[in-house]
1. Of the conditions (1) part of a loop (DSSP other than H, G, I, E, B); (2) in contact with a helix residue (DSSP H, G or I) (Cβ under 7 Å, 6 or more places away or on another chain), A:H64 clears all except one; give me its number.
2. Within region A:432-445, restricting attention to residues that are open to solvent by less than 20 Å² (accessible area, probe 1.4 Å) and touching a helix residue (DSSP H, G or I) at 6+ places or on another chain (Cβ under 7 Å), which residue is modelled with the highest pLDDT?
3. Would it be correct to say that A:G229 is on the phi > 0 side of the Ramachandran plot and crowded, with 19+ Cβ neighbours inside 10 Å?
4. Please verify whether B:N114 is within 13 Å of another protein chain (Cβ to nearest Cβ) and polar (S, T, N, Q), treating the condition exactly as stated.
5. Return the only residue of A:A134, A:A60, A:A138 being in contact with a Cys (Cβ under 6 Å, 6 or more places away or on another chain), within 16 Å of the ligand (Cβ to nearest atom) and away from every other protein chain (no Cβ under 13 Å).
6. Within region B:140-170, can you find the residues that are buried (at least 19 other Cβ atoms within 10 Å of the Cβ), among the aliphatic types (A, V, I, L, M) and over 20 Å from B:N109 (Cα atoms)?
7. Which number in (1) at the interface with chain A (Cβ under 10 Å from one of its Cβ atoms); (2) open to solvent by less than 50 Å² (accessible area, probe 1.4 Å) marks the one condition that B:G173 misses?
8. Can you pull out every residue in region A:436-453 that is out of contact with any strand residue (DSSP E or B) (no Cβ under 6 Å at 6 or more places or on another chain) and over 21 Å from A:I109 (Cβ atoms)?
Amino acid sequence: MSPKTLYDKIWDAHVAHEADDGTCLLYIDRHLVHEVTSPQAFEGLRLEGRTVRAPDKTIAVPDHNVPTTEDRVHGIVNEESRIQVEALDKNAKDFGIHYYPVNDVRQGIVHIVGPEQGWTLPGMTVVCGDSHTATHGAFGALAHGIGTSEVEHVLATQTLIQKKSKNMKVEITGKLRPGVTAKDITLSVIGKTGTAGGTGYVIEYCGEAIRDLSMEGRMTVCNMAIEGGARAGLIAPDQTTFDYVKGRPHAPKGAQWEAALAWWKTLYSDADAHWDMEITIPGEDIAPVVTWGTSPEDVLPITGKVPSPEDFRGGKVEAARRALDYMGLTPGMALTDIEIDTVFIGSCTNGRIEDLRAAAEILKGKKIKEGMRAMVVPGSGLVRAQAEEEGLAEIFREAGFEWRMAGCSMCLAMNPDQLSEGERCASTSNRNFEGRQGYKGRTHLVSPGMAAAAAITGRLTDVREMM
Amino acid sequence: MEKFDKLTGIAAPMPLVNIDTDMIIPKVFLKSIQRTGFGKNLFDEMRYNRDGTEIADFVLNKPQYRDAKILVTGDNFGCGSSREHAPWALLDFGIRCVISTSFADIFYNNCFKNGILPIVLPQEDVDKLMDDASRGSNAVVTIDLENQTIQGPDGGEITFEVDAFKKHCLLNGLDDIGLTLDKAASIDAFEARAAQERPWV
Ligand code: SF4
């Protein structure tokens, strides 16, 4: 047999039909659904008199639009949000799919709930009407975002029409330096490839620095594969993966576990597999980074200076000029001189327990700068509960953070958690686009530790100074 | 889905790179549970002031581009969120074709599901069309999907590539769920096999 990449192996195991031109029907093992990109899909099914083909493999949870204040138990005030969440309640019931309603402790961001509940397993195909579905690639699952028409297609047929992508290998060699995290890895990769660099590829992340990451860290890395333009990001499953999965509510048990494990252990790229592109970054070269502009590729080490448009070429010159103007920054100023109004810790990128631990570690016994608005939005109700048990919630509260209920919150600011015009935020989320966190709001993407450090000093700060 | 065979219309230039789906349709408009009505909010934050008045120098507010059917854009158009509201908004406004050197993957696929043709061209062809498009209402371009050609205002012709299956669906306005359901036997067979091989799924 010819050598295969991990992607090739998962792909081959899921082709239900292949046409002469290479267009495939890819079978989908898990379909995750949330309230914003699904109503029109369910409506489409109803109009055509169709059903959900595999309700057992379909899991829904409201997250994008839900308020994250504790009073949400009394109902959602915003009418449009309420209608969307109620539509999901109804669709889940009518079509008989698994559902975690707003007030269930297991509710949270769809990409945190899936792994937490053991729905996401190695070697699976996972889709969701959300671009950060790439997160699940951390388990060695082929996971990617789809549009609403495709959501409808998967609901009706449990397949997706796909053509195979190319294979890209991103190797992070050696060890990370202290203070450098999975977030810095993933941002640094995007800084190197650009936001379109991964277009047409599935990326496999490998190398010692990736192996050394926990599952939480691996999810952070894969989460942002989409920001590099890739269809999906993957990490080969290993003992760290199996240990995380074992015992989760929907993970296989007993003999099934053994059978699954035997197959999972075959899921790696063969030594002589073909790569269409390869990138290697030494782990020691990665520094804690921040974004200065309005694209995730606008990445620099925290020790750097704001660039000038002349540092770029082609279409990027104008884009940089526009970004600097939008961000209200002057070329040449030190990144650590940028003053911050707000800190947001959360999202499917950095809303897991390890992220909260990292931030709490920096905040322990300290106070946030006066006038600073700071909030922690745990990625799920269970992360929140665990953080309370470990005493992290207390640290955040004492430092001056708001301690919220689970949801997407200020990552995309569809709920009331938004930046106001000109407000500047250090955020652990994944997108710094214009208006992403609120109209004319300004976002700097950082790791949880860096976010905590910025909350204390009131400006972008090198977390290593606080360790 | 509306068929796409031939399209003649005004092309509007948007040379900015990395135009993301938050720019195309800001999330405040995603709360609808319909597929229509997004056109008025297409490019909302670039198109309107906060008080709702138009920003005069935004391209689609200029008199000569108000009826544009084609956009010529910078690299990596449609990056970011998977929201299909982006192509819905373009379609609702009347845009049926977007031309760029590259598109984000999910956006690219979403276009085809909605009768919009995204065309990828080399930089020099995009530059040429960008130049044509900057001629305002004189920038009438004809896209012929069957023959895979673009005719510019001065008669020059550019050819483009498109996936054969996607082209077929677009030309005939086909619903791919219907097409896939015709292959139900293959899906049944796959499920039966997978249930043996990977019963834990
Ligand atoms: S946390 Fe942000 S990126 Fe993640 S699913 Fe929610 S909105 Fe999308």
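1. Result: A:H64 fails condition (2) only.
2. A:L445
3. Taking the combined requirement at face value, the residue satisfies it.
4. Working: within 13 Å of another protein chain (Cβ to nearest Cβ): yes; polar (S, T, N, Q): yes.
Criteria met by B:N114.
5. Numbers: A:A134 fails: away from every other protein chain (no Cβ under 13 Å); A:A60 fails: in contact with a Cys (Cβ under 6 Å, 6 or more places away or on another chain).
Sole residue among the options that is in contact with a Cys (Cβ under 6 Å, 6 or more places away or on another chain), within 16 Å of the ligand (Cβ to nearest atom) and away from every other protein chain (no Cβ under 13 Å): A:A138.
6. Hits for region B:140-170 are B:V141, B:I150, B:I158.
7. Result: B:G173 fails condition (1) only.
8. Those that are out of contact with any strand residue (DSSP E or B) (no Cβ under 6 Å at 6 or more places or on another chain) and over 21 Å from A:I109 (Cβ atoms): A:Y439, A:K440, A:A453.
The values are calculated or read from the model by the stated rules, or taken from the named source; none is laboratory data. If you're wondering where the values come from, they're calculated on a predicted model, not measured in any experiment. A quick note on method: Cβ atoms are made from the backbone with ideal geometry, for glycine too, and the neighbour counts reach across all protein chains shown. The area values use the complete protein model at the heavy-atom level, side chains included, leaving out ligands, DNA and RNA. Shrake-Rupley method; radii C 1.70, N 1.55, O 1.52, S 1.80 Å.
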